[in-house]
Amino acid sequence: MKIIDTDILIVGGGIAGSALACGLRQAGYHITLVEQRKDKLDTARGDHLQICVVDLLAQWGALDTFMARGSHRRVGHEFCLPNGEVILQMDYAAEAAATGVNLPHPYFVVTPHDEIVEIFLDLAAENPNFVRLQPVNARKFQVEGDKLISAQVTLPDGSSAEIRPRLVVGADGTNSVLRGVMGFTADEYQYTHPMVAMFGPPPAGMGRSDYFYRYGSPHGMLVIQPRRPNWIKVTTVVGKEGIGWWKKSSAQDRAAMLAQRCHLMADFAGEIGGFYPTKMIHVHDYAKGNVVLVGDAAHSIHPARGQGLNVGIGCLGTLISHLPAPDQLGDPALLHGQLQRYASYQRERYAKQFARNHDAALAMEASVGENAEAFVRQEDDMIRKLHSVPELRRIHFLDAIGYPFGLP
Ligand SMILES: Cc1cc2nc3c(=O)[nH]c(=O)nc-3n(C[C@H](O)[C@H](O)[C@H](O)COP(=O)(O)OP(=O)(O)OC[C@H]3O[C@@H](n4cnc5c(N)ncnc54)[C@H](O)[C@@H]3O)c2cc1C
């Protein structure tokens, strides 16, 4: 059997795994990334990279490549009533200037989900000691105590290999195998209503294609995220009508349903991109022995606030700053201590952020619940305050751009 000795084994080459390989490409580690997929990632998932992530891309020397490969900028957002009345508007550059916040990149970067990974992995390949094994499934692990000693895999040519890592990063998504193998425990919450994502051309009158739009309505909340200048992603909560209704629906049925949530959608000619069950999983510890979990493996969150992808990348800046240097990675006590430091710092930080995400998820559920009318009226009042009360507006701004606790 072939033996692959490596500094870092990354299990999962989705967003978090590929981003880590990119962020570490000049740090001198031998990195082996194992990804089971034959196909591209599901393009309907996260695609708007928050300003905090854009700053990280710049720090990693990756931002120019994202822009050169066709990404777009999103420079603001609007929260609206179903009839189109705007109750909160924010332009990030203007907001930064007005509040004295120094933002070198006052914009989100918009890149289709599947392309984000390919860009990260192309950059990761600049590391001469980067090995991408795909499609390869990592399932057989040898664990001694808290230490993951090796992973046995079947390589694409049918031969077997044993990977012997010093550090293992579990970036294997919501149904993480490593979470189970290493006995990580988690808080879990199953939300009632799934989400549906659709793609199509923007409706007439949508406004700027570099803005994001959220419509609150007692028939369900709806979000419009521009993808390309003439292409949008529409995400909404599946209400009482159920998934079965959406699956059978014609484009006209969908447009009529969506028009109850946003007046612009009456002529929307979009196709369904997918349905998404909504669940929160947040592990109690992010690290055990020589294993650390990142991305959805550590924290799957409801897409209500469009943050899963962003926290999955955002956490990596902190993780990277805690890793021992390549020549010290073989010291188990040092590695363990550094991972624990990372884990306790990050868990506390994210606990607050995820509590807010959970509230937003429950609000989305309430927007199709029994008291939807009253609930949505209350939400609208709160959003108007976010727009007009300077202190609240500042909190909303920092939260939206991914710096809920202020700029570092
Ligand atoms: C409809 C929808 C909309 C969303 N919108 C947003 C948004 O606007 N903004 C945002 O920030 N987030 C959004 N998200 C969330 C975001 O997409 C996820 O949080 C993010 O993609 C998670 O990335 P990840 O790398 O942790 O996991 P994944 O992307 O799931 O990657 C895990 C990878 O591990 C691989 N893998 C698993 N097990 C193994 C194994 N044993 N061996 C080898 N490989 C393995 C899988 O094949 C997969 O490629 C959205 C999600 C949904 C569903």
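Taking a point 7 Å from the Cα of R384 along the Cα-to-Cβ direction, the residues of the stretch 207-222 with backbone N closer than 15 Å to it are 216.
Its Cα centre serving as origin, the stretch 334-393 has a Cβ charge dipole (Lys and Arg +1, Asp and Glu -1) of approximately 520 debye. Stokes-Einstein, applied to the Kirkwood radius of the stretch 74-134 over Cα pairs at a viscosity of 1.002 mPa s and 20 °C, places its translational diffusion at 142 µm² s⁻¹.
Taking label points 7 Å from Cα along the Cα-to-Cβ direction, A68 and Y189 give a separation of 4.3 nm. Summing charges over neighbours of Q152, with a neighbour being any other residue whose Cβ is under 13 Å away from its Cβ, gives +3 when K and R count +1 and D and E count -1. Shown in residue order for the stretch 153-158 are the 3J(HN,Hα) couplings computed by the Karplus curve 6.51 cos²θ - 1.76 cosθ + 1.60 at θ = phi - 60°: 9, 9, 7, x, 7, x Hz (x for Gly and Pro). For a Förster distance of 30 Å, can you work out the FRET efficiency between the beta-carbons of W231 and R37, rounded to the nearest 0.05? The calculated FRET efficiency here is 0.80. Distant-in-sequence amide contacts of F130, defined by a placed amide H-H separation under 5 Å and a gap of 5 or more residues or a different chain, comprise I31. At a Förster distance of 30 Å, what's the computed FRET efficiency of S249 paired with A374, Cβ-Cβ distance as r, to 0.05? The calculated FRET efficiency here is 0.60.
Report relative contact order for the stretch 306-374 in percent, whole number only (criteria: Cα-Cα under 8 Å, sequence separation at least 6). That works out to 22 percent. Using a cut-off of 28 Å between Cα atoms, the listed pairs K40/K288; K288/K352; K40/K140; K247/K279 include K40/K288 as exceeding that distance. Against the empirical 2.2 N^0.38 Å (N residues), the chain has a Cα radius of gyration ratio of 1.00.
The length gained on full extension between T99 and S209, counted as 0.36 nm times the residue separation minus their Cα-Cα distance, comes to 37.1 nm. Rolling a 1.4 Å probe over the heavy atoms of the protein chains gives the stretch 268-401 an accessible area of 42 Å² per residue. For the chain, relative contact order (Cα pairs under 8 Å, six or more residues apart, normalised by length) works out to 21 percent. Give, to the nearest whole percent, the P(r) tail of the stretch 258-408 beyond 20 angstrom, counting all Cα pairs. Percentage above 20 Å: 62.
When the alpha carbon coordinates of the stretch 134-225 are projected onto the principal axes, the ranges are 59, 35, 21 Å, largest first.
With contacts taken as Cα pairs under 8 Å at a separation of at least 6 residues, the stretch 1-117 carries a relative contact order of 31 percent. Between the beta carbons of A125 and L81, assuming R0 = 45 Å, the FRET efficiency works out to 0.40 to the nearest 0.05.
Dividing the summed -39500 (n - 2.57) terms of all DSSP H runs of n ≥ 4 by the residue count of the chain sets its mean residue ellipticity at 222 nm at -11000 deg cm²/dmol. Over all other residues within a Cβ to Cβ distance under 12 Å of D327, the charged ones net out to -1, with Lys and Arg as +1 and Asp and Glu as -1. Descending by average beta-carbon neighbour count within 10 Å, the peptides 239-252, 305-318 line up as 305-318, 239-252, the highest first.
For a paramagnetic label modelled on H284 (point 7 Å from Cα along Cα→Cβ), amide N atoms under 18 Å away belong, within the stretch 316-357, to 340-341, 343-352. The gain in end-to-end length when the E271 to Q152 segment is fully stretched comes to 38.7 nm, 0.36 nm per residue minus the alpha carbon separation.
The values are calculated or read from the model by the stated rules, or taken from the named source; none is laboratory data. A quick note: this is a predicted structure, and the numbers were derived from the prediction, not measured. Positions of Cβ are generated from backbone atoms using ideal geometry, with glycine treated the same way; all protein chains shown enter the neighbour counts. Please note that ligands, DNA and RNA were not included when accessible areas were found on the heavy atoms of the full protein model with its side chains. Shrake-Rupley method; radii C 1.70, N 1.55, O 1.52, S 1.80 Å.
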